[in-house]
Amino acid sequence: MPAAVMLALGLWGVDRGGMWRDEAVTFQVAGRTVPQIWRLVHGVDAVHGLYYVLMHAVLAVHADEVVLRLPSVAGAVLATALVAEVGARLARPRVGLWAGLLYAVNPMVGHYAQEGRSYALVAAGVMGATLLLLRGVERGAWWGYGLVLGVTCWLHEFAVLVVLAHGLSLALARVRGRVWRGWGCAAGAVLLSLLPMVVVSRAQAAQVAWLRRPTGETVAGLARQFFGASEGVYWVCLGLAVAGLLAGVAGRRKGGGAWKGQIPLVGVGALNGDLTLAGTGGRKGQITLAGVAAPLVVVPPGVLMLASQSSPPLYVDRYVLYALAGAPLLVAAGGEWVAGVAERLRPREGTPLAPPNPRPHRGDRPETVGPETVGPEAGRKVPEVERKAPVSAVRPPLRTYSATLLGLLAVALVPLQQVPLLQQDRDPARRPDDLAAIARAAAYGVRKGDAVLYLPAYTRNTELAYPGAFRGTRDLVLARTGDVSGTLYGVEVPAAEVRSRVAGVQRVWVVADRAVLAGRWTPRNPGERAKLDLLQREFTVGGEAVRGRTVVRLYVRPLSPASLRPPSLPPRPARW
């Protein structure tokens, strides 16, 4: 059910009718050959190299905006299913159901499910690695964990921070030494495989020079995105998450749950009215729900924010989208704790399958001695299943299903509260820019043979994404295209040559960042400053169309006063 809901929300409005600049980069880079992509990532965007190769194969089938976003939709659907599976394994099925649905209806998840970038796929990879972490602790098989996590980190290198979160989860569980050895080998292999990307990406740090240091407002904003954008949803979900975390701490102190090295698949404690949330507390060596969810939601964003205080800033919320999965797991755990309290306060229902503490009396029932019995039923073999059946198991009472349905009703109220946000997110204007709208504005005035200038060079992204609007135009200062030069937007002529390229041009269309033309930001590149200086000194504005942060403006050279005066008219009277 959670995966189906995520699929419906992901496909709703997926054809927005316009790409923004990052999606356009994916679109135009994925359209290059694999050797051209390989050459590009040596100079820029190394962290997205594997994703570009993947999208090259996807867009080879059909290159349009919807296909561009379908891998992200699939990644969000898979991540939702994995969140639900982790919740079901560490607690019970209804906890997984609630957590998966909460993840599916989160506006931040829906936003990146419709983004032609790698973040939704990274979230799916992290949740897959988390599920394989549980399997590794249970069965000692770690190769799948290392493989999935390694591929995920190559999709985006900041996914490596989940290694710290998983390490903290194992530390909280106090697992055995063999678990540490297996996990350490897998994590070490991932880190070792990531070294080439780290070396290359450090040389490309100038790409994120626009980032700012995180503040307290940044933390509060991320919490809003994780737990609920609307006021009511945020406080309720945050309260339930705290309850789920405290229930896990209390359960661990109580010491209930599974034996050493065992992962609870389906908790039965809540069925019996036990206030300890099944799967959140336990003995030494037990992986718990709170022990997985809390490090996941806190460690990656926290480490990245702290690192951004003492070094060049690296934090952007989308870099830690995968950490959001811990939030609905904690919220669902809190909801399960509340449901457990309510069930304990009500009279018990259901028929026991076995007495809670069977103490057979001689003469009343047979006594078990190994596989044989003595007494009235001596000689009867006790089936293996009967001998291993938990004596505390009961048939799920009616109130258990009632609690599940009430939880589903509560989860259904979340998207109802946030429908305006979900609907607004389908509007291209909600992205930082809409290149399709910019291209339409340019196509309205630009004609074949017109000269075009891009200021700064990255605004050429509009032409690369929508070349039809600029077909037949002259790019005045472009020296080599991006696919030939191994760059994103091509290589322009040096600053000294800009003047000669523009000389003799009477009118030029300029696609520019509005902040540059308004003087709020001056590019450092000499060629960009030369273009701006020429426009300000030798041209006047003949008209413009503004589309968000980007301006499409016509610049014309002013005519001399003599040429403006019609020769057949008499001299202008003094009173004019």
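Some points to look at:
- Cβ pairs under 6 Å, 6+ apart, first in the range 451-466 and under 17 Å from R440 (Cα atoms) and assigned by TED's automatic domain parsing to the domain that holds L534, second among the acidic types (D, E) and surrounded by fewer than 24 Cβ atoms within 10 Å (Cβ to Cβ): V452/D475
Residues are listed down the side, and each one gets a yes or a no for (1) charged (D, E, K, R); (2) within 25 Å of A241 (Cα to Cα); (3) not in a helix (DSSP H, G or I):
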site	(1), (2), (3)
W38	no, no, no
V44	no, no, yes
V66	no, no, no
L82	no, yes, no
G87	no, yes, no
L101	no, yes, no
G110	no, yes, no
G128	no, yes, no
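- L149 assigned to a helix (DSSP H, G or I) and surrounded by 22 or more Cβ atoms within 10 Å (Cβ to Cβ): yes
- Taking each residue of the range 492-517 that is under 17 Å from R480 (Cα atoms) and looking for partners that are acidic (D, E) and surrounded by 18 or more Cβ atoms within 10 Å (Cβ to Cβ) with beta-carbon atoms closer than 9 Å, six or more apart or interchain, yields E492/E528; A495/E528; V498/E492.
- Scanning the range 489-516 for residues that are loosely packed, with under 14 Cβ neighbours inside 10 Å and not in a helix (DSSP H, G or I) gives P494, A503, G504, Q506, R507.
- Pairs are defined by a Cβ separation below 9 Å, a sequence spacing of at least 6 or placement on different chains, a first member in the range 213-232 that is surrounded by 12 or more Cβ atoms within 10 Å (Cβ to Cβ), and a second member that is in a helix (DSSP H, G or I) and among the acidic types (D, E); the pairs so defined are T218/D317; G221/D317; L222/D317; Q225/D317.
Let's see how each residue does on (1) surrounded by fewer than 22 Cβ atoms within 10 Å (Cβ to Cβ); (2) acidic (D, E):
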{"residue": "G100", "(1), (2)": "no, no"}
{"residue": "R135", "(1), (2)": "yes, no"}
{"residue": "E138", "(1), (2)": "yes, yes"}
{"residue": "W142", "(1), (2)": "no, no"}
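- Complete set of residues in the range 477-488 that are in contact with a strand residue (DSSP E or B) (Cβ under 6 Å, 6 or more places away or on another chain) and either surrounded by fewer than 19 Cβ atoms within 10 Å (Cβ to Cβ) or not assigned by TED's automatic domain parsing to the domain that holds V505 (or both): A479, R480, S485
- Single unsatisfied condition, E115 versus (1) crowded, with 24+ Cβ neighbours inside 10 Å; (2) of a type outside the set (A, V, I, L, M, F, W, C); (3) not in a helix (DSSP H, G or I): (1)
- Counting only helices (runs of 4 or more DSSP H) that fall entirely inside the range 154-230 and contain at least 2 residues that are more than 18 Å from the chain's Cα centre (by Cα), small (G, A, S) and more than 21 Å from V298 (Cα to Cα), the qualifying elements are 177-202.
- Hey, H62 out of contact with any helix residue (DSSP H, G or I) (no Cβ under 7 Å at 6 or more places or on another chain) and over 30 Å from A206 (Cβ atoms) or not: yes
- Scanning the range 2-18 for residues that are over 18 Å from the mean Cα position of the chain (by Cα) and surrounded by 20 or more Cβ atoms within 10 Å (Cβ to Cβ) yields R16, G18.
The values are calculated or read from the model by the stated rules, or taken from the named source; none is laboratory data. Keep in mind the model is a prediction, meaning the values are calculated, not measured. Every residue, glycine as well, gets a Cβ built from its backbone with ideal geometry; the counts of neighbours run over all protein chains shown.
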